[in-house]
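Notes follow once the structure below has been shown.
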Amino acid sequence: MTDVDVVIVGAGAAGLAAAKTVRAAGLSFKVVEAMDRIGGRAFTSSDHFGVPFDIGCAWLHAADRNPFFEEAKTADWTLHHHPMEVDHLYFGRTKAGETDEADMRDADAQLAKLLETYDGRDDRVSALLASGHAPRAAATFAGPMDFGVDYDEISVQDFRQAADLEPNYFTREGFGALVARWGADVPVELSTPVNKIRWDGNGVEIVTPRGWIRGRAVIVTASPAVLAFEEIDFFPDLPEAHMRAFFDLPMGLLTKIPVEITGTRLGLRPFEDLLIERPARHDVYFLCFPFDLDLMVGFVGGDFAWELSAAGEAAGVDFVVNRLVDIFGGDIRSHVRRSMMTNWAAERYVRGAYAAARPGRAGARDVLKQPVADKIFFAGEHLAGPLMQTCAGARLSGEAVALQLIERLNGGCPAVGTSQRREMGDKIQEPIRRSSVGPARDDQNGVQPT
Ligand SMILES: Cc1cc2nc3c(=O)[nH]c(=O)nc-3n(C[C@H](O)[C@H](O)[C@H](O)COP(=O)(O)OP(=O)(O)OC[C@H]3O[C@@H](n4cnc5c(N)ncnc54)[C@H](O)[C@@H]3O)c2cc1C
């Protein structure tokens, strides 16, 4: 049995940020992590292609508000500005004409405007969509490929709360590696899943297979899907409203299927974006040859991503290669080398990519911002305000919640020396809606480190 001020469940961006904030305030803490590594959904691996590849988050979104961006610059890592735009649009095997591409941009702008002025009851985003191929393509890019959810399962209120994520950057060394580097100074009990949290006595008791930890309070950063599934047994039960909120924030899914292509660039330039709209919503987006690596990174999202997770990696890779054959011809098969498919759906302690509220249930995020009995606090990407779903948002949420907790433990006094951190936490409150399809970008000839 260990006694600390604060126990932190999870060593992803939110948990690591909470730990650093609690430590800066001079409180004792313990971080317990189910996986055998830190970072959670931020994870870079060189195992598959011999170069860093982000299995989880990759874009440093909202770089002007993203604390990780400054760290990447300080570390002198290679950065590339990447506007989220569709450079090449296909309907099946057919290349879209310029009119279609312009229509897609118009549809996106129209959707943004409708969302801004919408004052009806919380509905599905699909209710605001015009019919036709181009509006559907815009919705695919903003829906499954970005929000991780099909557009008829996205809540209007939730979607409009999400921030514009420009400017977006990539780092060659990997976003996961950046989070691991930043979090390396935090002591973490790895491979230690929390099974139970007792909060019936003074403080909390955290039960793990390796023993108990007693704390004055706990910050839980597990995803709402993990909590809805009751991987952690709370005793006594959490209030009904909190349990309902976990259920109302199901995880969307984004799956990456990178394929190594050698000896040809297919007439594409590094970092171009290619979207293929297909029947039955079996759409796929490619990030082309990032950093001029031999990789075409396929992405599928929403229901189709769950379907491919069940079908397995071989089916996923075949699907992606067949789509490249559709467009670039059968010869491309002789250029295909290594491949893989991410599967966050099967990651027991995550269970998806990131949370999105059910239509009509956007208020679930506010419910989970309420601590239980002043000793169980929740943090993570799902509670990151307009930076929801992002790694920077998770970090800022962890900091903001830790500050809230410290203030409670200090009997209402803010933590000493935390004003700068408080400012950072405030950034997650900025309400600007996310936009997806920008204007045609000006020439970006190859890799442009800043
Ligand atoms: C495929 C994919 C692509 C993405 N792309 C981007 C992107 O480009 N840019 C971006 O900014 N964001 C992106 N994201 C989202 C981003 O990765 C997440 O928002 C962020 O990393 C979440 O951080 P977190 O701390 O809230 O949660 P997590 O990283 O999930 O951390 C929570 C931790 O809690 C642990 N845990 C859970 N249950 C228990 C338990 N019972 N006991 C102990 N530990 C437990 C988990 O193992 C995990 O490590 C992407 C995510 C995915 C999956």
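Rule-based calculations on the coordinates, nothing more; no lab input. All values derive from a computational prediction rather than experimental measurement. All Cβ positions, even for glycine, are placed from backbone atoms using ideal geometry, and neighbour counts span all protein chains on display.
Using θ = phi - 60° and the Karplus relation 6.51 cos²θ - 1.76 cosθ + 1.60, list the HN-Hα couplings for segment 7-18 in order, rounded to whole Hz, with x at every Gly or Pro.
9, 10, 9, x, 10, x, 4, 5, x, 5, 5, 4
Can you list the residues of segment 65-81 with backbone N under 14 Å from a point 7 Å past the Cα of residue 184, pointing along Cα to Cβ?
Only 72, 75-77 pass the distance filter.
Of 114, 147, 104, which is farthest on the positive side of the dipole of segment 70-189, counting Cα position, with +1 on Lys and Arg Cβ, -1 on Asp and Glu Cβ, and the Cα centre as origin?
Of 114, 147, 104, it is 104.
Going by Cα centres, segment 11-42 and segment 147-206 are how many Å apart?
11 Å
Multiply the residue separation of residue 235 and residue 265 by 0.36 nm, subtract the distance between their alpha-carbon atoms, and state the gained length in nm to one decimal.
Details: separation 30, 0.36 × 30 = 10.80 nm, distance 5.69 nm.
Full extension of this stretch gives 5.1 nm more.
Most exposed first by the Cβ proxy, i.e. fewest other Cβ within 10 Å, how do 57, 413 rank?
On the way: 57 30, 413 10.
By the 10 Å Cβ count, ascending: 413, 57.
Rank the residues 147, 234, 246 as a footprinting-exposure proxy: fewest other Cβ atoms within 10 Å of their Cβ go first. Write out the running numbers ahead of the final one.
On the way: 147 27, 234 20, 246 24.
Result, fewest neighbours first: 234, 246, 147.
Taking amide H atoms as placed 1.01 Å from N in the peptide plane, list the residues 5 or more away in sequence, or in a different chain, whose amide H sits under 5 Å from that of residue 8.
30, 31, 32, 219
About the Cα centre of segment 114-156, how large is the charge dipole given +1 on each Lys and Arg Cβ and -1 on each Asp and Glu Cβ? Please answer in debye to the nearest 20. Before the final figure, lay out each step's value.
Numbers: 3 positive and 8 negative charges, 32 e Å.
Here the size comes out at about 160 debye.
Put +1 on the Cβ of every Lys and Arg and -1 on every Asp and Glu Cβ in segment 245-307; which of 266, 286, 304 then has its Cα farthest towards the positive end of the dipole?
Value computed over the given set: 266.
Based on the inverse mean of 1/r over its pairs of different Cα atoms, what is the Kirkwood hydrodynamic radius of the chain, in Å?
On the way: mean 1/r = 0.0446 Å⁻¹.
Taking the inverse mean of 1/r over all distinct Cα pairs, the chain comes out at 22.4 Å.
Compute and list, largest first, the equivalent-ellipsoid semi-axes of segment 264-303 from the alpha carbon gyration tensor, each √(5λ) rounded to a whole angstrom. All intermediate terms of the calculation are to be shown ahead of the outcome.
Working: eigenvalues 96, 20, 9 Å².
Equivalent-ellipsoid dimensions as semi-axes: 22, 10, 7 Å.
Hey, rough spin-label estimate for residue 93 and residue 212, points 7 angstrom out along Cα→Cβ, what's it come to in nanometres?
Here the modelled spin labels are 6.7 nm apart.
Would you list which lysines come within 23 Å of residue 369, measuring only between C-alpha atoms, while excluding same-chain residues fewer than 8 positions from it?
20, 30, 196, 427
For the chain, which cysteines have no disulfide-compatible partner, meaning no other cysteine Cβ under 4.7 Å?
288, 413, each lacking another Cys Cβ under 4.7 Å.
Treating the beta-carbon of each Lys and Arg as +1 and of each Asp and Glu as -1, no other charges, what is the dipole magnitude of the chain about its Cα centre, to the nearest 20 debye? Walk me through the numbers before you get to the answer.
Details: 47 positive and 64 negative charges, 192 e Å.
That gives the chain a dipole magnitude of about 920 debye.
Which one of 243, 204, 275 has its Cα pushed farthest toward the positive end of the charge dipole of segment 197-286, where Lys and Arg give +1 and Asp and Glu give -1 at the Cβ?
275
Residues with amide H under 5 Å of residue 195's amide H, sequence separation 5 or more or different chain, H placed in the peptide plane at 1.01 Å from N; which?
207, 208
What whole-number value in cubic angstrom gives the convex hull volume per residue for the C-alpha atoms of segment 168-293?
Working: hull volume 24.0 nm³, N = 126.
Enclosed volume per residue, from the Cα hull, is 191 Å³.
Using θ = phi - 60° and the Karplus relation 6.51 cos²θ - 1.76 cosθ + 1.60, list the HN-Hα couplings for segment 337-344 in order, rounded to whole Hz, with x at every Gly or Pro.
10, 7, 7, 7, 9, 6, 9, 5
For segment 59-194, restrict the atom set to alpha-carbon positions and state the Rg and Dmax in Å.
Taking only Cα atoms of segment 59-194, I get Rg and Dmax of 18.8, 56 Å.
Rounded to the nearest 500, what is the chain's calculated 222 nm mean residue ellipticity when only DSSP H runs of at least 4 contribute -39500 (n - 2.57) each, over all residues?
Values: 13 runs with 137 residues, N = 450.
That comes out to -9000 deg cm²/dmol.
Taking neighbour Cβ counts within 10 Å as the exposure measure, how do 268, 396 sort from fewest upward? Please list the in-between numbers first.
Details: 268 18, 396 30.
Arranged by neighbour count, lowest to highest, 268, 396 become 268, 396.
Take the chain, connect every pair of alpha-carbon atoms lying under 10 Å apart with a spring to form a Gaussian network, then pick out the residue of 38, 332, 219 with the largest mean-square fluctuation.
So, out of 38, 332, 219, the one fluctuating most is 332.
With charges set only on the Cβ (+1 for Lys and Arg, -1 for Asp and Glu), what does the dipole of segment 86-174 come to about its Cα centre, in debye to the nearest 20? Each step should come with its number before you reach the end.
Working: 9 positive and 19 negative charges, 43 e Å.
Here the size comes out at about 200 debye.
Ordered by residue, what ³J(HN,Hα) values in Hz, to whole numbers, does segment 398-412 give under the Karplus form 6.51 cos²θ - 1.76 cosθ + 1.60, where θ = phi - 60° and Gly and Pro are x?
x, 5, 5, 5, 4, 5, 4, 5, 4, 4, 5, 5, 8, x, x
So if each residue of separation counts as 0.36 nm, and I subtract the Cα-Cα distance between residue 109 and residue 131, what length gain in nm does that give? Mind showing how you got there, number by number?
Working: separation 22, 0.36 × 22 = 7.92 nm, distance 1.48 nm.
Contour length minus Cα-Cα distance gives 6.4 nm.
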